[in-house]
Every structure is written in C-alpha cells, then in structure tokens.
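**Q** This is the structure I have questions about; it appears just below.
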Amino acid sequence: MRPLLETLCLIFAVLLAPAWAVAQSGQMTQAPKLLEGAQAEYPAAALRERVAGKVELLIQIDEKGAVSEVELLKTSTQAEDLALVRNSTISDYGFNSAAEQAARRLVFSPAHFDGEPASVKIGYSFQFALPPKPEPSSAKTPEKAGPSVVTLSGRVRSKGTRKLLVGAVVTAYKKNGSEGYEAISDDEGRWSFYDLRAGSWQVRVEVEGYLPAEATEEVLEAQVTEVDYYLRPGRLNRYDVLVEVEPARREVTRRELRVEDLVKIPGTMGDPLMTVENLPGVARGVASNGIAVRGTSPDGTGVYVNGVRILNYDHIGGLRSVIPAQMIEKVDFFPGTYSASFGRSEGALIDVRLKKLAPDQVHGAVDVSLLDVGAYLEVPITDTFAVAVAGRRSHIDVVLDAAVPEDASISLTAAPRYYDYQILASFRPNANHTFQLFGMGSDDAMELLFADASSAISNAQSSVAKNSANFQRVAFEYQYTPDNGIRNELTLAYGRDEFFNSAFGVFNIGALFHEFTLRETLSWQMSKNVLLRAGLDGRNFWADYDVTASRPPREGELRVQAEEEFITTKGRGVYFGRNAAFVEGEFSLPGNVLFVPGGRLEHYELTDEWLPEARAVANWQMLPEFTLKGGVGIVHQAPDIDQSDIAFGNPALSPQRTIQYSVGAQWKPVNYLDFDVALFYKDMENVIVPTGELTQRNGQAVPLRYSNGGSGRAYGFELLAKHNFHNNFKAWVSYTLSRSERENEAGEPARLFDFDQTHILTLVASYLFPLDWELGVRWRFVSGNPTTPYLGSIFVADADTFEPVPGAQNSSRLPAFHQLDVRIDKKWVFDTWSMTTYLSVTNAYNRANVEALGHSYDYRQTEEVTGLPILPILGIKGEF
Amino acid sequence: MKTIYALATGVAWCALTSACSTDLPEYDHVEGFRLLTIAADHPTPQKDQETTVSALVVGGESLEYRWSWCPFSAGAFESYRCLFPQDGLGAGWPSYELGTSEQAKVSFPASPEQIERLCQELSMLPIPDGRSPMDCSLGLSVLVKLELKAQVNGELREVIAVKRLMLLSDPDTAHINTNPQIGAFSVRLENDGSGQDSDSLQWLKKYDCSLSVSEDMVEEYPDEMGLMTSERLVVTWFRSGGTIKNTRTAYLPSEDDFTALTKNTFELEEEDKFQGDEMKFYLVLRDDRGGVSWMEKSYPVKEKN
C-alpha cells in the first residue's frame, strides 16, 4: 500500500507495444508482465502550481525483465489554473525526469519469443494526477497498533471472461479526500489494503484497456472485507491478443490474421479460412473450389495446421473449414516467395497456428447458428499442463429433411451433414521444454436417392449418389530451447484420410490414405545479426484405392459427357514420398537490411528426381515506418495422385516448376494505419497438360494422357490498406489487379487461366457502438470468371445426349460479381460470462451474381445460374 | 487429391441441384424440328451383313440427309471430323459417303483379320481430345454420321448426329447385339378402377403410362473380364406437350426392378402451353451397346374447359 499523496501515479501497464518498436523474429509466446511497480515522485513545482501531467515512454525490457532503455515519447500537462501556468517559466515541471527515473525501477517478467526470453520494447505511461487540495485535518495515514492486518482485499478480473488482471491500480479513499491509499494487483490479480479504519471507503479500480470501476465498501472492525471487481474491457473479445508483434520479415509478403480479425467479418460466418478470401491475391472461390492465389489453381495452395499439411480443410460444399476459431491464435497467409522450410505449393501457403494454451482458469464457449452448433472448452490441469477440446456438428440435414417435399424427385437418404472435433494439450515443464499434442478429425456424409436417375444422367446405372469424407490427424510437437541461442522443433504427425464418392453407378471413388509427417527444424542464433536454420520436411503416405471414373477434368479442360472413357484402377499400399531438407539464414546487415537466403532439396520419389530450390528475400527498413522488400523463389509442385497413376495418368510426369518473383513496400504512417503493396510475377514451366499422344509400355501403345508440355505465367499488383482498431473503428481495403495465362503446348497461343480474375476488390469495415453493438460490412467486386462459349452441338445417339462444340477456350467472361455482406453483433457482458447474438446477412442487397451458365440440352440457349440469394443467419454464442 | 475430392463433391452437389427448376427447354419436350435418335438394324454388323441406319426425325420441312462413316474420327470438340483418309483403308472397304436418302445402307466386307489389323493400325494414332483410346478387343468401332438440314419457319436448321457401329472381329457370337423392341404403349387414368386404357387425353388429368417390353429384351454378354453381364435398358419418353414425371426410365441390373423401365406418369397441367388437339408420344428404347428401337403413338386431346 502506498500513500496516495506520495505517488498519485496511475500506471498504465500498457502491454500494447507499438508494432514498429519491436524487432524480434519469431512469435511472442509470453508477454512481459509487471512484477514490481515504481512510484514516480510528484514534482514539487508541478504540485505547487497545481499541474497534472502524463508522460508516455518507450521502454526496453531486457531478457531478465529489467528496464534497459527509456525513451521519452510524449509529455502532456494540464493545469488547474491556466493563468498561473501562462506566467510560469517552468517547461515540463519535472514530469519527464520523474517518470524516467521511476521507469528504470520497474521490474517485469521477461517477454518470451518462441519460448525463449527476449528483449522487447513496450509503451508505458505515467500519469500524474493532482491530489485534492490538502485540508489540514485530513492528511494522515492510519495509525498502526501492532502488526498490519488485511482489512480490505480481493481480485480484479475481466468482466465476461474472468481473466485475472495484473497491474490494476486499486485506490481506496475517503469521499471527502481526507485519506487515500493505493494497491496494485499481483500475478493472481489479487490486491490488499492493511489497517484501514472501519467505515465507508470509496474504491476505484483502473487498468489500461478497461473501463474504470468505482464502488463503496464498508470496512468492519477486526474483519476482512473480501470483494472481487470485474472490469469491463474497452473492447470485448476474449481472443484478442495482448501484444502484436511485427511479423517476421523472412517473406516478402506475409499476411497475418489475428483472431480478432477473423471472427466477425461479414459473409465468412466467423470461419478463419474463409477470411483469407478477403486478402489481396486471392481469387474469389465458388463452393468447394478451394483457394486460388496469384494465378495458380487451388491445388497450388497448401493448408497447414502448426506445420502439418491438411488435405481436406473444409466441409462439404465449402460451408465451413474444419478448425474452430477459438483454437486458433492466428492464420499466416503467404501468397508467394515463402520460407525454404516449406514447399510443394506453387501458389500459396496458409499456416494455421494454434493457441499456446495458458488458461488461468476454465474457459469455454458454445456457438449455435442455423448452420451448426459448436462448443469449446479449455482447462488448466496444472500450472504447466492445459487441455482444450472443441467440437461441432451441422444440422443442415434436419433443415433439409424438413424442406424437401416427400414427392420430390430426390430423397435424402442421408442429408448433408458434417462434424469435426479437436483436442489440444500443452505441457511446459519449464522454459526450455514445451510439448504439444494436437488431434483433430472431421466427417462429412451425404446420400441422395433419385426417383429417375436416368433423367439426371443418361447412362445412370444406379439411383444413388453418395459422398463421404472423413479424416483424423494427430500431431506431436516438441520444442527445446536451451539458453544458448539454439532452438529445436520436432513435429511428428499421423493422418488418416478416407473418402468415398459414387454417382449413379458410373462414378465410384474409394480411397484411404495413411500419412506420416516429420518436420524437424534446428535454429541457431549465432550472433545478434546472424540466425541459421536447417531442417527436414517429410511427407510419406500409403494409399489404398478403388476407382472407376472418367479422367477428372483439369484446369483448362472442358468436361466431356458422351463417349467418356471410364477407367478402373485399384491399388493397395501404394507408396508416395515427398521428402526434403532445407537450410536458411537470416542476416541483419548494416542499414537495417535483412537478407534471408535459403535452399531446399526436394526428392520426388515417383521419378526419383532431386529437385533443388533456391529462395531469397531481402527487406530494407529505410525508415522506422517504411520498408522495401523483394524476393525470388523456386517451387516444385508434384502431379496430383491421379495424374501420376498408371491407369489415369502418366507415372513419368515430373513436378511442375514455378519461379516466383515479388517486390513490394510496407508503410505505417501512424500506429493504426498499414499500407502494403506488392508486384508479383510467376513463371511456370513443366506445366502438366492433357495430351492425346501414345507411349509404349510393356510393348504396347498406351495413352500418355498427360505431359509436362505446358507453360504459363501470372503477374499482377496487390494493395492492402488497413485501419487497425482505433476509435472503435477498423477497416481494410484489398485490391488485386492480375492476369494469368497458360499455353497447353509450346507454340500455342496463350489462353486465360480458368481462375483468372482481373479485378478483385474487397472492402471490410466494422464499428463498435456503445452498449456493445457492433456493425460490420463487407463489399466485394470481382471480375467474372473466364468461360468458353459454345458454337453448336452434336447429337450423340448412343448416349442420348448432345455434346457441345466449343469456341476459343476461355475467350468470354461471366458478368462481374459484387455483393454486400452485413453482420450485426450485440454482446451482453455479465461478471463471469458473456453472451453474443449475431445476425449475419450474406448478399444483403440480393444481387443475382452469375456463377455459371446453364445450357439447353442442345446448347442453343443459355441461362444464367446465379449464386445464393440474400441469406440471413442468426446465431448465439455464450462464453465463460 | 483436393481436386478429386472437390470434383466428387461438385458432382454430388450438381446432382442435388439438377432437380432445380429452369426456364430452358426440356429435353423430352418435342417442339418443332428434332432428331430424336438413330438406329441401326444390326448394331454389331458381321462380315458382308448389310446394315440399315435410320433416324427418328420430328418436324421440319425440306429435309436433306447426308450420311457418312469413318473408322477414326476426332472427338465432339472437333465435330467428330474424320481423321483417317479413305485412301488409307485400301480396297474392299465401303466409301465414307453413304448417301443422302432417309436411310443409309452399308455393309463391311472386311474379314475379322482385316478389321483387327486396321484397328491396331488406328490405335497407334494420337487420341483426339475427349476420346477414349481405341479398344480392339472386340473389333473396330466405327462412327456413322448424319448431317440433317431442314427448313423451320423459313430458316435453315442443321443437326449433326453420330452413332457407333461395332464391326466385330471376335468370333464369339455372344457379343452380337440385337435391338430391344417395344411391344406396346398405353395410358390409363390414374386411380381408374375400370382397367381400361384411355384412347384420348383430358386436361388436368393424370395418366399412368405403360410400355410393354419383354424381359427377354435384356441380353447377356461377356464383360471385359469375361463374366456374363446384363444389358441396361433405358426408355426416353419424348412427348409433344404436357408433363412427364421422368424423362427417362431405366432397368438397372444392379437394382433388379424391371418395372422401373416401363412405368411413368403424364399430365396436361393448367399452365401447359400445349395448344394442339393431338398429343404425340415418341418412346425410344435403347440398350447400352448401341441397340435402339422406337415407337410413336398419338392421342386426341379433349378441349380445355
């Protein structure tokens, strides 16, 4: 307890360090915490002249938690009597030196990056508030008779989430200003006052980021009054991240989506992966197309969870991704020229990073919408061991069962439904060792029974269409970080993917994959300016499959309906190996230049090829707020499994090779504004294209089906302008101008790529109104996808159908897409839990966006097939 | 693999959405000029056996037929253009041009050995886009093409249609296919207990439609593995107006319900644009080996009240 008159410094334990102030690589795993406060002496001159003040500092906390540097940012003063100040010759009244001296006495627990203690800069403020004018009879401290005893005590927590608040300033004072005392909440959020006289005391509780609370407490003689205060956050979101760290600069472009960016974007239903679609470079997808980035197909985008590749990351029809937002810390999106520690994706990389569990108590959430219901629970088992579980189940099947009439031509034997589950366990016995276990699974199923299957497809052999997919993943991660600049990360994962699809007896695919992943990364911080990294990245899987189907149409191919070749193939324990080694260095050069060269050697097992890949990225931080960047990288992408299957494709295919180039700039004029521009170019070689050529196998001429004879390129410009949360408002504008072309054969004229979208503009904005109302909007404008016009048709009598005669490939476009999505949230915050209801309206002005063209049976007439009409979804979420 | 999964999911969704309504003309609604099918009286012609190919054509005036055949042609995307020159066939093969009559007659005098030799030669050529590779295990599949022109309301319309004939080289007669036949077609008022077939149609009444097809029409033949398998039979229910419940009905051996092939439901609904006084039905029965036959039947329609 400190006398109010001596300090009167309201400490703002600001743990929101300005992003530009931190120059740490890696991920902050623990924010610095204030362990010992320090009182700044109220300057006598300021007290005499009745002047209040506030000093904002930038302080550097070293690896041991001590304050090593103090930088003055801003001083502001305010006088009770302006006339007196106007006549004063004193400049800062001594506030600056008082604050600097006090700041050097502060003691913190150090920040941790990737589990290691590290130096960090944070913003810190001292506020000098004037005491009431002293009255001769009132300024005295309690008289002690014997040892001190606690008379008023309690904890400070965040309202709604019950999170314990450290560093809160609790002030107990008499209403008439005669007495006042102060306490600071400790690591457990606990504060105490000793020896307060019995009677009525005013208590005020303040902590940065929360609205102050005031209460009147009765202190009784020889009794302890125990009381907890629940402070309302300035912005309510449990999953807000305390410290924003500038993303590591190992890539030219890295878009980091923190959870608070993800959950309330209209039209995404709070789904983290759907949010990626709003970033520059990402083509607008339809249903389960996947995520196409910078002029490459969705196949070229690798999705990882904590470094482990996930094949089916979304549920049926692309309705939801399989990972709940509550378990995610952030989503890193690399649209190109990414680190050598990753590969095999010529387009982009999405790495979902899971939370580092460190709950102070049991937390949970339940989310119910018209689409599904989900639940999340995280539990601290011990100080070093915590577990989180989550699950979700759709109820579309119930809705559809009720909606489809009994006499419809389709009956839903098993209506579309999905579920998923996740479990995350984290054990950190000490600062050097971290163990994490992550498991997840997903199951989708749908079965339709057609009354007239032959009407739907003329060669139907069955009335049933079935679709099911399920997978499980379990990943074990161990991080070892001894105190010598070494850091080792080992990940072992097993995955089981199974899917089955059949349609009308003419199309049957059944496949089961067992996949083993090994990822080992050893980093060594050789010196302040040099970091080396090396590792192994292996994916090995074994497949069982039974397939009877026509060759799936690939990018650039039109679907052949009649005279399709149906191929049957079967495999048991077929092995596929993708293994690589990589090295990478990070060199901090004079002039604020970071140079990151890297190399990767990938082995493609099927053709026994060694594929060298070079990567290099350079960043030049010209000014604290302005950075230039550029990079180049080679990436190989293996053929898809069917393309290299001996029955469906060509086992002699080599991986495609893409050289990615990118240059850009980043500008942060003020703390809450970010601008990021990039130019990119991709040169694609060995592009896999269909061919009618024959080859000799076992003395027989057989179709080659695919060759590496294609080529392509993609180029464009990207802009991201972001207004971070400030004055209750946040927004971003994302714009992409691009073109992507392919040549199916050498010498052929270039054609547009299937997913080419010239203009992609996305505006996202949200405003937090009083009483916890929040309004969010998203508006998108996207060029229509290329299409191929039909010149006529041929009647194929044996198949009883017409086959189109196409014109020039992708020589036409669908109309442009534009759509407004709106989301309204209302939150009610109670002391120990909170509840949110939300209304998400997709396609708010009911735009009939053309997603495809439908054709008459003879292709002489067309009609526009439009996307979803206005779609309101109501949901409710409870969190504790 | 994501692609395969997405494709499969897409197929399922397309199947689901195929039931959605559309303003495009219906396949089974015959209005104006249509070519509904082509049949060959011998779908698997033997050496020297003359085969007659004919077309079921509805509407149009001043019809002009041009029949041709080709042993190796491009795919649909290139309008089934013939890719092998007539000169390359050598002597003894019929001319590619089969005439301009309503029907075309053709016979293939080649021996099984000649057919197999030609097939092997053709199978060494690059495969056109969208086409299956040549399979010479049974013989040579040749394409018969019909280019049909007609005047429709003063405008010239052209339809191009193709049909395959299998020139068998395999001496196993089990592969010979014959056309399935329709015995009769009848309609009867739904829920009519009289047991009488209707000889006319009324607006706003629902009719049970029935085909008489013998189960003997389902032939058995050896599949690729040499196992005997049953044909799949499909009926396409074309009509000049009204609404038919199922465009096609099928006998699917896997589901073993032969009556599913022969039953359907018909109705002239209030909003139907049919204005004539005669309803025509064109029933096309085909198997999955090129066998086809058809039946036409007309019913007077009582005036709308």
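The values are calculated or read from the model by the stated rules, or taken from the named source; none is laboratory data. Given the structure is predicted, the values throughout are model-derived calculations rather than measurements. Backbone-built Cβ (ideal geometry, glycine too); neighbour counts: all protein chains shown.
**Q** Pick from region A:612-655 the residues that are of a type in the set (A, V, I, L, M) and more than 31 Å from the chain's Cα centre (by Cα): which of them is surrounded by the fewest Cβ atoms within 10 Å (Cβ to Cβ)? Lay out the reasoning, then the answer.
**A** At the first step, the residues of region A:612-655 found to be of a type in the set (A, V, I, L, M) are A:614, A:616-618, A:622-623, A:628, A:632, A:634-635, A:638, A:641, A:646-647, A:652-653.
With the extra rule that they be more than 31 Å from the chain's Cα centre (by Cα), the set shrinks to A:646-647, A:652-653.
Details: A:I646: 13, A:A647: 15, A:A652: 16, A:L653: 22.
Among those residues, the one meeting the criterion is A:I646.
**Q** Continuing with this model, one more query. Would you check which residues across region B:149-167 are touching an Asp or Glu at 6+ places or on another chain (Cβ under 7 Å), touching a residue at least 40 places away in the same chain (Cβ under 8 Å) and within 10 Å of chain A (Cβ to nearest Cβ) and list them?
**A** Keep residues of region B:149-167 that are touching an Asp or Glu at 6+ places or on another chain (Cβ under 7 Å), which gives B:149-151, B:158, B:160, B:163-164.
When the remaining residues are screened for being touching a residue at least 40 places away in the same chain (Cβ under 8 Å), the result is B:149-151, B:160, B:163-164.
If the condition is that a residue be touching an Asp or Glu at 6+ places or on another chain (Cβ under 7 Å), touching a residue at least 40 places away in the same chain (Cβ under 8 Å) and within 10 Å of chain A (Cβ to nearest Cβ), then B:I160, B:K163, B:R164 are the ones that fit.
**Q** On to the next question. Quick one: how many residues across region A:838-877 are part of a strand (DSSP E or B) and basic (K, R)?
**A** So the first thing to find is which residues in region A:838-877 are part of a strand (DSSP E or B), and the list is A:838-842, A:850-855, A:862-866, A:871-877.
Now drop any that are not basic (K, R), which leaves A:877.
So the answer is 1.
**Q** Does B:P109 satisfy being in contact (Cβ under 8 Å) with a residue 24 or more places away in the chain, in contact with a Gly (Cβ under 6 Å, 6 or more places away or on another chain), within 11 Å of chain A (Cβ to nearest Cβ) and in a loop (DSSP other than H, G, I, E, B)? Full working, then the answer.
**A** On the way: in contact (Cβ under 8 Å) with a residue 24 or more places away in the chain: yes; in contact with a Gly (Cβ under 6 Å, 6 or more places away or on another chain): yes; within 11 Å of chain A (Cβ to nearest Cβ): no; in a loop (DSSP other than H, G, I, E, B): yes.
No; evaluated as a whole, the condition is false for this residue.
**Q** Now a separate question. What number of residues within region A:853-864 are surrounded by fewer than 15 Cβ atoms within 10 Å (Cβ to Cβ) and either more than 9 Å from every other protein chain (Cβ to nearest Cβ) or basic (K, R) (or both)?
**A** Result for region A:853-864: 2.
**Q** Among the residues of region B:280-301 satisfying the criterion of being under 14 Å from B:L201 (Cα atoms) and under 22 Å from the mean Cα position of the chain (by Cα), which is nearest to the other protein chains (Cβ to nearest Cβ)?
**A** Of the residues in region B:280-301, the ones under 14 Å from B:L201 (Cα atoms) are B:280-281, B:297-301.
Then drop every residue that is not under 22 Å from the mean Cα position of the chain (by Cα), which leaves B:280-281, B:297-298.
Numbers: B:K280: 18, B:F281: 16, B:K297: 19, B:S298: 22 Å.
Checked region B:280-301; the qualifying residue nearest to the other protein chains (Cβ to nearest Cβ) is B:F281.
**Q** Tell me which of these A:V169 doesn't satisfy, since it passes every other one: (1) out of contact with any Gly (no Cβ under 9 Å at 6 or more places or on another chain); (2) buried (at least 20 other Cβ atoms within 10 Å of the Cβ).
**A** For A:V169, the exception is condition (1).
**Q** Please go through (1) surrounded by fewer than 21 Cβ atoms within 10 Å (Cβ to Cβ); (2) more than 26 Å from the chain's Cα centre (by Cα); (3) over 30 Å from B:R34 (Cβ atoms) for B:E155 and return the number of the only condition it doesn't satisfy.
**A** (3)
**Q** Of all residues in region B:219-238, which are touching a residue at least 60 places away in the same chain (Cβ under 8 Å) and either surrounded by fewer than 20 Cβ atoms within 10 Å (Cβ to Cβ) or more than 14 Å from chain A (Cβ to nearest Cβ) (or both)?
**A** Narrowing region B:219-238 to residues touching a residue at least 60 places away in the same chain (Cβ under 8 Å): B:219, B:221, B:224, B:231, B:236-238.
Once the filter is applied, which keeps residues that are touching a residue at least 60 places away in the same chain (Cβ under 8 Å) and either surrounded by fewer than 20 Cβ atoms within 10 Å (Cβ to Cβ) or more than 14 Å from chain A (Cβ to nearest Cβ) (or both), region B:219-238 yields B:E219, B:Y221, B:E224, B:E231.
**Q** Kindly provide the set of residues from region A:734-769 that are at pLDDT 95 or above and of a type in the set (V, I, T), ordered by number.
**A** Scanning region A:734-769 gives A:T736, A:T758, A:I760, A:T762.
**Q** For region A:327-350, check the following and say yes or no: at least one residue is touching a Gly at 6+ places or on another chain (Cβ under 8 Å) and among the charged types (D, E, K, R).
**A** So in region A:327-350, the residues touching a Gly at 6+ places or on another chain (Cβ under 8 Å) come out as A:335-342, A:344-350.
Add one more test, that the residue is among the charged types (D, E, K, R), and what stays is A:344, A:346.
The answer is yes; a qualifying residue exists.
**Q** Just checking, which of A:A797, A:A816, A:A844 is surrounded by fewer than 19 Cβ atoms within 10 Å (Cβ to Cβ) and of a type outside the set (K, R)? Spell out the reasoning first.
**A** On the way: A:A797 fails: surrounded by fewer than 19 Cβ atoms within 10 Å (Cβ to Cβ); A:A844 fails: surrounded by fewer than 19 Cβ atoms within 10 Å (Cβ to Cβ).
None of the other options fit; the residue is A:A816.
**Q** Another question, then. What number of residues within region A:801-837 satisfy the criterion of being under 28 Å from the mean Cα position of the chain (by Cα) and assigned to a strand (DSSP E or B)?
**A** Total satisfying the criteria: 17.
**Q** Among the residues of region A:482-504, is any within 14 Å of chain B (Cβ to nearest Cβ) and touching a Pro at 6+ places or on another chain (Cβ under 9 Å)?
**A** No, region A:482-504 contains no residue that is within 14 Å of chain B (Cβ to nearest Cβ) and touching a Pro at 6+ places or on another chain (Cβ under 9 Å).
**Q** Which residue is farthest from the other protein chains (Cβ to nearest Cβ), if the candidates are limited to region B:241-259 and must be surrounded by fewer than 21 Cβ atoms within 10 Å (Cβ to Cβ) and closer than 21 Å to B:A184 by Cβ?
**A** Of everything passing the filter in region B:241-259, B:G242 is farthest from the other protein chains (Cβ to nearest Cβ).
**Q** Right, another one. In contact (Cβ under 8 Å) with a residue 60 or more places away in the chain, surrounded by fewer than 17 Cβ atoms within 10 Å (Cβ to Cβ) and over 30 Å from A:A614 (Cα atoms): is that true of A:L558 in this structure? Before the answer, list the steps.
**A** Values: in contact (Cβ under 8 Å) with a residue 60 or more places away in the chain: yes; surrounded by fewer than 17 Cβ atoms within 10 Å (Cβ to Cβ): yes; over 30 Å from A:A614 (Cα atoms): yes.
The answer is yes for A:L558.
**Q** Hey, which of the strands (runs of 3 or more DSSP E) in region A:146-199, taking only ones fully inside, have at least 1 residues that are hydroxyl-bearing (S, T, Y) and over 18 Å from A:E217 (Cα atoms)?
**A** Working: elements: A:150-158, A:169-173, A:180-184, A:190-194.
By residue number, A:150-158.
**Q** (1) under 40 Å from the mean Cα position of the chain (by Cα); (2) more than 23 Å from A:P32 (Cα to Cα); (3) among the small types (G, A, S): which one isn't true of A:G167, the others all being true?
**A** Result: A:G167 fails condition (2) only.
**Q** So is B:D170 charged (D, E, K, R), surrounded by 15 or more Cβ atoms within 10 Å (Cβ to Cβ) and closer than 26 Å to B:P43 by Cβ or not? If you could, list the steps in order and put the result at the bottom.
**A** Details: charged (D, E, K, R): yes; surrounded by 15 or more Cβ atoms within 10 Å (Cβ to Cβ): yes; closer than 26 Å to B:P43 by Cβ: yes.
So B:D170 fits the description; yes.
**Q** Among (1) free of Cβ contacts under 8 Å to residues at least 60 places away in the same chain; (2) buried (at least 20 other Cβ atoms within 10 Å of the Cβ); (3) within 14 Å of chain B (Cβ to nearest Cβ); (4) among the small types (G, A, S), which single condition is A:S783 missing?
**A** (3)
**Q** On to the next question. Can you tell me which of (1) at pLDDT below 85; (2) touching a Leu at 6+ places or on another chain (Cβ under 7 Å); (3) among the aliphatic types (A, V, I, L, M) is the one A:V67 doesn't meet?
**A** (1)
**Q** Now for a different question. Looking only at region A:826-852, which residues are out of contact with any strand residue (DSSP E or B) (no Cβ under 8 Å at 6 or more places or on another chain), without any contact (Cβ under 8 Å) to a residue 60 or more places away in the chain and either of a type in the set (V, I, T) or within 14 Å of chain B (Cβ to nearest Cβ) (or both)?
**A** Once the filter is applied, which keeps residues that are out of contact with any strand residue (DSSP E or B) (no Cβ under 8 Å at 6 or more places or on another chain), without any contact (Cβ under 8 Å) to a residue 60 or more places away in the chain and either of a type in the set (V, I, T) or within 14 Å of chain B (Cβ to nearest Cβ) (or both), region A:826-852 yields nothing.
**Q** Which pairs do you get when a residue that is over 23 Å from A:V331 (Cα atoms), found in region A:350-373, comes within reach of a residue that is surrounded by fewer than 20 Cβ atoms within 10 Å (Cβ to Cβ), reach meaning Cβ atoms under 6 angstrom, with the pair 6+ apart or on two chains?
**A** Partner pairs satisfying both residue conditions: A:D360/A:L164; A:V362/A:V379; A:V368/A:I876; A:S369/A:I873; A:L370/A:I873.
**Q** Let me ask something additional. May I ask you to verify whether B:I182 is farther than 30 Å from A:A701 by Cα and under 26 Å from the mean Cα position of the chain (by Cα)?
**A** Working: farther than 30 Å from A:A701 by Cα: yes; under 26 Å from the mean Cα position of the chain (by Cα): yes.
Here the answer is yes, as B:I182 does meet what is asked.
**Q** Looking only at residues that are part of a loop (DSSP other than H, G, I, E, B) and surrounded by 15 or more Cβ atoms within 10 Å (Cβ to Cβ) in region B:273-305, which one is modelled with the lowest pLDDT? I'd like the intermediate steps shown before the answer.
**A** Of region B:273-305, the ones part of a loop (DSSP other than H, G, I, E, B) are B:273-277, B:288-291, B:302-305.
Imposing the further condition that a residue be surrounded by 15 or more Cβ atoms within 10 Å (Cβ to Cβ) reduces the set to B:274, B:288-291.
On the way: B:F274: 81, B:D288: 89, B:R289: 91, B:G290: 93, B:G291: 96.
Result: B:F274.
**Q** Of the residues A:L377, A:L371, A:L357, which single one is within 18 Å of the chain's Cα centre (by Cα) and more than 14 Å from chain B (Cβ to nearest Cβ)? Explain how you work it out, then say what you get.
**A** Details: A:L377 fails: within 18 Å of the chain's Cα centre (by Cα); A:L371 fails: within 18 Å of the chain's Cα centre (by Cα).
A:L357 is the lone residue from the list that is within 18 Å of the chain's Cα centre (by Cα) and more than 14 Å from chain B (Cβ to nearest Cβ).
**Q** So which residues in region A:610-653 are under 24 Å from A:R551 (Cβ atoms) and either touching a Cys at 6+ places or on another chain (Cβ under 8 Å) or of a type in the set (D, E) (or both), if there are any at all? Outline the logic, then answer.
**A** Keep residues of region A:610-653 that are under 24 Å from A:R551 (Cβ atoms), which gives A:636-653.
Within region A:610-653, A:D640, A:D642, A:D645 qualify.
**Q** Which of the strands (runs of 3 or more DSSP E) found entirely inside region A:253-335 contain at least 1 residues meeting this: at positive phi and modelled with pLDDT of 90 or more? If you could, list the steps in order and put the result at the bottom.
**A** On the way: elements: A:255-258, A:301-305, A:328-334.
Because the criterion is at least 1 residues that are at positive phi and modelled with pLDDT of 90 or more, no strands (runs of 3 or more DSSP E) in region A:253-335 meet it.
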